[in-house]
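One structure, pasted below without further comment.
Any read-out appearing in this document is the output of simple, stated calculations on the displayed coordinates, not a laboratory observation. The model shown is predicted, which means the values in this text are computed figures rather than measured ones. Neighbour counts are summed over all protein chains in view; Cβ atoms, including those assigned to glycine, are modelled from backbone coordinates with ideal geometry.
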Amino acid sequence: MVKIGIMICDRNRTCTGNKCFKSIIDRDGAFAEYEENEPIEVVGWMACGGCPGERLESAPADMKKFGAEVIHLASCYLAGYPICPYLEDHKNYIEKVVGLRIKVGTHPMPRNYLNTHDHIGDWKRDGAAKWLTEVTRDTGGADKYDSTNPNFLKK
Ligand code: SF4
């Protein structure tokens, strides 16, 4: 059993979380490293509170009280235009002050985001490649998680 918390970008604070939770069940994206038969308990789901991270000091610490061992900074940190400019700060704070491991990403980056970021060039400008490894490793995942695709979830 591994206990995790998920922190999402506040620009997506109304997100239902469907892709993140599907990727936990299917062990896609950043969840591919967990054993298929190892249960994952999500102890909390929170938005960061808005730039530069209003809830950073309180929410991960609360998750730790509920047993979180790892905090995932959700894929929306990287999907937005631009990527979160405070990602490194959030990672450092949670690791060094709260004392929890950080994984950047949740579900695979959907194809529509890959295409748009490639088109506008912001990922390259902002050095996003170092954060994208786990959410772009499986190229099939890009199509599987693209909800703009007319065949989304039809197979
Ligand atoms: S600090 Fe980052 S994660 Fe939070 S709202 Fe701003 S861009 Fe999103």
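I need a count of the residues in the range 71-103 that are of a type in the set (Val, Ile, Thr) and within 12 Å of residue 9 (Cβ to Cβ).
1
Within the group 93, 81, which residue is farther than 15 Å from residue 135 by Cβ, among the aromatic types (Phe, Trp, Tyr), within 13 Å of the ligand (Cβ to nearest atom) and assigned to a loop (DSSP other than H, G, I, E, B)?
Exactly one residue qualifies, and that residue is 81.
If you go through the range 36-61, how many residues are within 16 Å of the ligand (Cβ to nearest atom) and in a helix (DSSP H, G or I)?
2
Filter the range 64-78 down to residues that are part of a helix (DSSP H, G or I) and away from the ligand (no atom under 16 Å from the Cβ) and give me whichever is surrounded by the fewest Cβ atoms within 10 Å (Cβ to Cβ).
65
(1) surrounded by fewer than 16 Cβ atoms within 10 Å (Cβ to Cβ); (2) within 14 Å of the chain's Cα centre (by Cα): which one isn't true of residue 105, the others all being true?
Condition (1) is where residue 105 drops out.
Of the numbered conditions (1) in contact with a strand residue (DSSP E or B) (Cβ under 7 Å, 6 or more places away or on another chain); (2) free of Cβ contacts under 8 Å to residues at least 24 places away in the same chain, residue 16 satisfies every one except a single condition; which is it?
If we test residue 16 against (1) in contact with a strand residue (DSSP E or B) (Cβ under 7 Å, 6 or more places away or on another chain); (2) free of Cβ contacts under 8 Å to residues at least 24 places away in the same chain, just (1) comes out false.
Inside the range 1-35, can you point out the residues that are part of a helix (DSSP H, G or I), over 11 Å from the mean Cα position of the chain (by Cα) and within 16 Å of the ligand (Cβ to nearest atom)?
10, 11, 12
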